[in-house]
Amino acid sequence: MESNPRKLLDEFIPEAMGKQFVIPVYQRKYTWTVKKQLIQLMKDLVGLIEDETKQKQHFLGTVVYLENVIEYKTERSIVDGQQRIVTMFLIAHAMKSIADNEFRAREIDETYLQNYSEPLGSKYRQRLYPSVADGNDYLIIAEGRYDEIDQNSSSNIVKNFLYLQSELKVLVHKYGFDRVLYALKRFTIVYIKLEDRDNAQQIFESINSTGERLTASDLIRNFIMMDKSNEEQTTLYRKYWRRLEEVFDNSKEMEDFFRYYLAAMTGEYSAKHVLYQAFKNYWRNQDELNYEELLDKLVRYSGYFSSLYLKAPSGKYLDILKDFQSIESMMPAPFVLELSEWFYYDQKITESQYFEVIKVINVYQIRRYFNGDDTSRVSKSFPTYLKNVKKYAEKYGFENIVDIVIYVLVTKNQSNNMALPTDKSLKSKFVNMNAYAMRLTRWLLEKIENKGNSATLDMSELSIEHIMPQASTPYWEEKAGVIGEEYTELVNTIGNLTLVSKPDNSKAGNKDFESKKKIFEDTLHIHMNKSIHDLDSWDKGAIESRSNHIIEELILMYPYLRSKENYEQSKNRNIYLSSKGVKATGYLNEDETVVIYAGSEISQKVKNNSSNLFHEDIQDLIDKGIVEETIGGLQFVQDYLASSVSKAAGLILGGSKNGWEYWKDSDGMIINDSL
């Protein structure tokens, strides 16, 4: 390793006469901007220009490079410092473009920009070979085709060149060409020349300098491409990596995608600070796929991600995809990426199954959101859900994929805090929530309004309005029948919110109900406003009634889900109980716990007799929505795990029971004798 300080324009670039600075494909695109870096760079330049001693220098940072000899031509492959190098070349080009005569222009060209020993058209004619992503923009500037420059280009290469050209022209006019050029020659760097590729990769991975921070996707790109020749890198970039860049706007978004992709592949999320290492481990263990097959798979999954999260939904399953995108949740990303592979590439599931599974995921997320359930644990659970779904699908067949997904997301979670909320839970919790502060409230109101409409109403110009105003007044306190804290809680509930035009929202303010009704007449084409307009008064009862109606609509659109099968249980351990007109079914686990299946009946005396041993347990299950009162009496509406055979019998029949004598197997034998 060789290290020395050098003046960038006066020494480092001129000393490389006949050589070419190469920005490898694995390096990110040129990211310096006018606002973040160049304005300050020009201020630093003015400081050098006005330095009376003419000796002051300005340190730009380090440049790390590796020299390679390719077909007897020497390339300086930049490992770190590409932003500084490219910017200084843009400065040289800008100075050339504003030179007042052809001799000055040629001097700059020969000293800094071109290898005149190489013929025109040679790959090595230009002293800088930029990254493939920036190549076309730079080439137009390098070849002096200034009239072809797109003045409105979003390219940092173009924008920075035009800015530098303009600023340097002002400085040359004020101070003179030679004085500005002399100041530019006093920008310095410290170069580090590496000896082998191992050092290059190690240094690239550890860089976190004053430049743009390296993301995991920057490091991953380096890892994939660094040990390839520049020609191989260019091929891989054009064939694969550029397609990734076309999907994601920046390396941070691509980094997030890699995290979801890895979670789909490995079954667990990697923390962001170890994502790069996790990707290397995954990549090195993929013995069954070659290099290009792995890259092709990455690109394929990025396409799935784009279709699900980025592109506007269309087609036969438009509503399902619109719901999925409206939720704006990345939690199921690993799950739906692999699901997409099963449909589009492996063809293990049909189109209808694919979208039915997404619909199940929508129901799971929407009901939990409006139930106020914590999302932090669920966000980490989807890779595990994916592993379980894959396990059951491979065992029982992908034709059962929809029911298997319901089983994994719903049935297996019934007794924990990742459960799908029951109707009863939704009704009791959402009714009191501050819906005004909930991100999906507007979406829900629009969804209900458009339900059953042959043509979707455009409600983009509408805003959420409080019918009873947020700021209480004596009129509204009397009208609603609540004051103080109770008023504050009631005013933001879902029943007190509707959609009106923005001007009407402003006009409505704190006006009385009759005045608000007149204002709402402009939006009576919205059904929910018509029903409000038809009321004579707006009080606590009306608000709570409308809240309950909206929640019922939510439940109808996204009903509770139940799997048809239990994919962890063997049918020969199904058990049955029939006593005094009460019938129940369940499953005896190996640890002697019992799953009581939904539909199992409960003796009425369990509820009616408060002294019954299991009276409080049943009441708790009723409160949780696991047991409900039906026409025929109490009944389990969800599967429930009882801690023992006897407790399962006691919950159903009441009192202390020896469950081993009450439960029977499929042949009618008591399980004490058979199981």
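The values are calculated or read from the model by the stated rules, or taken from the named source; none is laboratory data. Predicted model, so just to flag it, every value in this text is computed and none were measured. Note that we place each Cβ from the backbone using ideal geometry, even for glycine, and neighbour counts take in every protein chain shown.
Yes/no per residue for (1) loosely packed, with under 13 Cβ neighbours inside 10 Å; (2) in contact (Cβ under 8 Å) with a residue 12 or more places away in the chain; (3) more than 38 Å from the chain's Cα centre (by Cα):
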{"position": "Asp504", "(1), (2), (3)": "no, yes, no"}
{"position": "Lys516", "(1), (2), (3)": "no, yes, yes"}
{"position": "Ile519", "(1), (2), (3)": "no, yes, yes"}
{"position": "Asp522", "(1), (2), (3)": "no, yes, yes"}
{"position": "His525", "(1), (2), (3)": "yes, yes, no"}
{"position": "Asn529", "(1), (2), (3)": "no, yes, no"}
{"position": "His533", "(1), (2), (3)": "no, yes, yes"}
{"position": "Ser537", "(1), (2), (3)": "yes, yes, yes"}
{"position": "Lys540", "(1), (2), (3)": "no, yes, yes"}
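Can you give me the ranges of the helices (runs of 4 or more DSSP H) entirely in the stretch 376-465 with at least 3 residues that are within 16 Å of Asn362 (Cα to Cα)? Spell out the reasoning first.
Values: elements: 376-396, 401-409, 423-430, 441-450.
In the stretch 376-465, 376-396, 401-409, 441-450 are the helices (runs of 4 or more DSSP H) which contain 3 or more residues that are within 16 Å of Asn362 (Cα to Cα).
Taking the stretch 132-182 as the range and being in a helix (DSSP H, G or I) and touching a strand residue (DSSP E or B) at 6+ places or on another chain (Cβ under 9 Å) as the test, the residues that pass are Gly135, Tyr138, Leu139, Ala142.
Among the residues of the stretch 632-675, those identified as within 17 Å of Lys605 (Cβ to Cβ), in a loop (DSSP other than H, G, I, E, B) and in contact (Cβ under 8 Å) with a residue 40 or more places away in the chain are Gly654, Gly655, Ser656. Of all the listed residues (Glu629, Glu592), the sole one being surrounded by fewer than 18 Cβ atoms within 10 Å (Cβ to Cβ) and within 23 Å of Tyr560 (Cβ to Cβ) is Glu629.
Among the conditions (1) at pLDDT below 85; (2) buried (at least 19 other Cβ atoms within 10 Å of the Cβ); (3) within 46 Å of the chain's Cα centre (by Cα), the only one that Lys647 does not satisfy is (1). Only one entry in Val46, Val69, Val22 is of a type in the set (A, V, I, L, M, F, W, C) and at pLDDT 90 or above, namely Val46.
Looking at the stretch 346-375, which of its residues are assigned to a helix (DSSP H, G or I) and of a type in the set (A, V, I, L, M)? Scanning the stretch 346-375 gives Val357, Ile358, Val360, Ile361, Val363, Ile366. One residue stands out in the stretch 304-321 among those that are modelled with pLDDT of 95 or more and of a type outside the set (Ser, Thr, Tyr): the one that is farthest from Asp256 (Cα to Cα), namely Ile320.
Residue-by-condition table, conditions (1) over 24 Å from Ser154 (Cα atoms); (2) surrounded by fewer than 18 Cβ atoms within 10 Å (Cβ to Cβ); (3) among the aliphatic types (A, V, I, L, M):
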position: Pro24; (1), (2), (3): no, no, no
position: Lys36; (1), (2), (3): no, yes, no
position: Leu48; (1), (2), (3): yes, no, yes
position: Lys56; (1), (2), (3): yes, yes, no
position: Phe59; (1), (2), (3): yes, yes, no
position: Ile70; (1), (2), (3): yes, yes, yes
position: Lys73; (1), (2), (3): yes, yes, no
position: Val79; (1), (2), (3): yes, no, yes
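Among the helices (runs of 4 or more DSSP H) lying completely within the stretch 524-615, list those that include at least 2 residues that are farther than 28 Å from Ser415 by Cβ and at pLDDT below 95. Let's see the steps before the verdict.
Working: elements: 527-533, 540-557, 604-608.
Correct list: 527-533, 540-557.
Figure legend. Inter-residue proximity from the stretch 306-319: first residues over 17 Å from Leu337 (Cα atoms), second residues of a type in the set (S, T, N, Q), beta-carbon distance below 9 Å, spacing 6+ or different chains. Indicated pairs: Ala312/Gln325; Tyr317/Ser352.
Is it the case, given these coordinates, that Asp522 is farther than 21 Å from Glu544 by Cβ and either of a type in the set (Asp, Glu) or in contact with a helix residue (DSSP H, G or I) (Cβ under 6 Å, 6 or more places away or on another chain) (or both)? Give the steps one after another, and end with the answer.
Values: farther than 21 Å from Glu544 by Cβ: yes; either of a type in the set (Asp, Glu) or in contact with a helix residue (DSSP H, G or I) (Cβ under 6 Å, 6 or more places away or on another chain) (or both): yes.
For Asp522, the condition - farther than 21 Å from Glu544 by Cβ and either of a type in the set (Asp, Glu) or in contact with a helix residue (DSSP H, G or I) (Cβ under 6 Å, 6 or more places away or on another chain) (or both) - is met.
Close contacts from the stretch 386-409, counting a first residue that is closer than 15 Å to Ser352 by Cβ and not assigned by TED's automatic domain parsing to the domain that holds Asp639 and a second that is at pLDDT 95 or above and among the acidic types (Asp, Glu), with Cβ to Cβ under 9 Å and a gap of 6+ residues or different chains, come to Phe398/Asp346; Ile401/Glu356; Val402/Glu356; Val405/Glu356. Test Phe343 against the stated conditions and say whether it is surrounded by 18 or more Cβ atoms within 10 Å (Cβ to Cβ), touching a residue at least 60 places away in the same chain (Cβ under 8 Å) and either assigned by TED's automatic domain parsing to the domain that holds Arg243 or outside any helix (DSSP H, G or I) (or both). Answer is no for this residue.
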